[in-house]
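Here the structure is laid out as C-alpha cells; the discussion comes afterwards.
The values are calculated or read from the model by the stated rules, or taken from the named source; none is laboratory data. Note that this is a predicted model, so its numbers are computed, not measured. Cβ placement follows ideal geometry from the backbone for every residue including glycine, while neighbour counts extend to all protein chains displayed.
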Amino acid sequence: MARGDYGFQPGPGHAKVTSSTDQSEFSVTKLTHLDDKGEARMVDVTDKAVTEREARAEACVRMAPETLRMILEGEHPKGDVLATARIAGIMAAKRTHDLIPLCHALNLTSVKVELRAGNDGASVAIETRCKLAGQTGVEMEALTAASVAALTIYDMCKAVDKGMVIDNLRLLEKKGGRSGHWQAREQ
C-alpha cells in the first residue's frame, strides 16, 4: 500500500471531483496540505489576498423528548445546557488551530452559535457562523464550533440520556477567497 493510500473507495454520498465552476458538488483540484512528496504541510498563505470570508456549519443532537424538555424548561441538573454549549462552540472556533494540526491561527471577527429545538421535538439543531478578513477561510472554525457545541450538549446530558446521537455535521456555506461562494445542497 502506497503512503497515504488507505484503500478508500468513494461511494454514494461522498464528494465527487468536478470542474471548479460547478458549485453544486465539492470541487477539488489538488490537496493543498500535501507537498510534492505527499507529506503534510501547512499551506503558505503569504501571497494570498486579504478578503472578507465567512462560513456556516450545522450539526444536530438527537435525544429523547424528555431530555429536550428538561433542557428547554431549565430543569437540567447541570444548569443551562444551551448557554454552555453556545459558549463552548465560540471558544472552540477560537481554538481550532490548537485542535486541527494544519489550521492557521485566525483573527476571527465574529463567531455566532445558534441553538434551537428541532421541529421533531427530540433534537437540538446547531448552526454556526464565523467571519474574518484574512488570507484563509473559516470553514474549519465553523465546523469545529458546531461539533464542540454538540459534544457539550452530549456531555451535559449523558447522565440522563445515554442514547443521544450527534449527526448531520456539515458545512452549509462558505464565502470569500479565490474559490468564491459555495453552498451545500438542501437535505
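Of the residues making up segment 137-151, those that are of a type in the set (A, V, I, L, M, F, W, C) and out of contact with any Ser or Thr (no Cβ under 6 Å at 6 or more places or on another chain) are Val138, Leu143, Val148, Ala149, Ala150, Leu151. Pairing residues of segment 22-51 that are of a type in the set (Asp, Glu) with residues that are exposed (fewer than 12 other Cβ atoms within 10 Å of the Cβ) and modelled with pLDDT under 60, at Cβ distances under 7 Å and at least 6 apart in sequence or on separate chains, gives Glu25/Ala15; Glu25/Lys16. Against the test of being surrounded by 16 or more Cβ atoms within 10 Å (Cβ to Cβ) and touching a residue at least 24 places away in the same chain (Cβ under 8 Å), the options Ala117, Ala88 yield a single qualifying residue, Ala88.
Applying the criterion of being among the charged types (D, E, K, R) and assigned to a loop (DSSP other than H, G, I, E, B) to the residues of segment 94-133, the residue that is farthest from Val61 (Cα to Cα) is Arg95. Checking every residue in segment 2-22 against the condition of being part of a loop (DSSP other than H, G, I, E, B) and modelled with pLDDT of 65 or more gives zero matches. Selection of segment 122-163 for residues being in contact (Cβ under 8 Å) with a residue 60 or more places away in the chain, within 17 Å of Gly89 (Cα to Cα) and of a type in the set (D, E, K, R) yields Glu127, Arg129, Lys131, Glu139, Glu141. Go through the residues of segment 100-109 one by one and say whether even a single one is free of Cβ contacts under 8 Å to residues at least 24 places away in the same chain and among the polar types (S, T, N, Q). Among the residues of segment 100-109, not one is free of Cβ contacts under 8 Å to residues at least 24 places away in the same chain and among the polar types (S, T, N, Q), which makes the answer no. Look at (1) at pLDDT 95 or above; (2) in contact with a strand residue (DSSP E or B) (Cβ under 9 Å, 6 or more places away or on another chain); (3) over 19 Å from Val43 (Cα atoms) and you find that Gln187 fails only one, number (1).
With respect to (1) under 16 Å from Lys158 (Cβ atoms); (2) surrounded by fewer than 22 Cβ atoms within 10 Å (Cβ to Cβ); (3) at pLDDT 95 or above, the lone exception for Thr67 is condition (2). Taking the numbered list (1) in a strand (DSSP E or B); (2) at negative phi in turn, Leu151 passes all entries but (1).
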